[in-house]
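Each remark here refers to the structure printed beneath this line.
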Amino acid sequence: RAAMSIETFHKASLVHDDIEDDDAFRYGQPSLHKTFGTPTAINVGDYLVGLGYRMISDRQGMSASSSEAQLDVLDCLAAAHMRLGEGQGAELLWRDGTERHLTPLDALKIYALKTSPAFEAALFSGIRLGCDKVPDADPKEYRDAIRTFSRNLGVAFQILNDLGDFAGDDHNKMMA
């Protein structure tokens, strides 16, 4: 359920990102807002966010995990969701602003907020739920390593993604 919730958050963020960027295609298919309209796409994205949280908060579905582990995962996912919004907001401010100057450090900060939280949430959730099954395991021991690794992975992913967009390799956003 934790892995599925993270995937619903990811898909929701893509639906909303396609609207914000007015992308016509996703995964080689017309994007949701182009097919069904912006209001429906926003609603689907919001529904997916709610579904993601519900998958974790549902006591029956997560019965194998302790309440403390479940709450830690919910907290991590909420924090990641908020940081993603901050990163996307920073990108929109830059994109739509009159001052279009962006230093490399500013771009890396946006990437770290926009992309890295999803990696961090996925890794922390797995480790937190796994530690719940091992006596005396402390997931806090892994927190800094997860955060550093996720930040670097997220930034690298976003750089490659943007370089691909710049070079015209937009296979993800073209009609199949």
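The values are calculated or read from the model by the stated rules, or taken from the named source; none is laboratory data. Keep in mind the model is a prediction, meaning the values are calculated, not measured. Glycine also receives a Cβ, built like all others from the backbone with ideal geometry; neighbour counts cover every protein chain displayed. We work out accessible area using only protein heavy atoms, side chains counted, and drop any ligands, DNA or RNA first. Shrake-Rupley method; radii C 1.70, N 1.55, O 1.52, S 1.80 Å.
Results, tabulated for the structure shown:
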| item | result |
| --- | --- |
| Any hit, segment 81-93, residues being more than 26 Å from Tyr53 (Cβ to Cβ) and loosely packed, with under 15 Cβ neighbours inside 10 Å | yes |
| Filter result for Gly50 (under 16 Å from the mean Cα position of the chain (by Cα), in a helix (DSSP H, G or I) and within 18 Å of Gly89 (Cβ to Cβ)) | no |
| Where Ala107 falls short, out of the listed (1) touching an Asp or Glu at 6+ places or on another chain (Cβ under 7 Å); (2) aliphatic (A, V, I, L, M); (3) open to solvent by less than 40 Å² (accessible area, probe 1.4 Å) | (1) |
| Residue within segment 46-53 that is more than 27 Å from Pro139 (Cα to Cα), surrounded by fewer than 20 Cβ atoms within 10 Å (Cβ to Cβ), in contact with a strand residue (DSSP E or B) (Cβ under 9 Å, 6 or more places away or on another chain) and not aromatic (Phe, Trp, Tyr) present | no |
| Leading residue by the ranking (modelled with the lowest pLDDT) among those in segment 120-145 that are open to solvent by 50 Å² or more (accessible area, probe 1.4 Å) and among the hydrophobic types (A, V, I, L, M, F, W, C) | Val134 |
| Tally, over segment 18-40, of residues that are within 20 Å of Leu93 (Cβ to Cβ), open to solvent by 60 Å² or more (accessible area, probe 1.4 Å) and part of a loop (DSSP other than H, G, I, E, B) | 1 |
| Helices (runs of 4 or more DSSP H) contained entirely in segment 54-142, each with at least 1 residues that are over 14 Å from Val155 (Cβ atoms), over 20 Å from the mean Cα position of the chain (by Cα) and free of Cβ contacts under 8 Å to residues at least 40 places away in the same chain | 67-96, 116-131 |
| Where Ala2 falls short, out of the listed (1) in contact (Cβ under 8 Å) with a residue 60 or more places away in the chain; (2) more than 18 Å from the chain's Cα centre (by Cα) | (2) |
| Some residue of segment 103-119 being among the basic types (Lys, Arg), touching a strand residue (DSSP E or B) at 6+ places or on another chain (Cβ under 7 Å), closer than 22 Å to Leu92 by Cβ and modelled with pLDDT under 90 | no |
| Residue in segment 32-42 that is touching a strand residue (DSSP E or B) at 6+ places or on another chain (Cβ under 8 Å) and either closer than 26 Å to Leu129 by Cα or of a type in the set (A, V, I, L, M) (or both) present | yes |
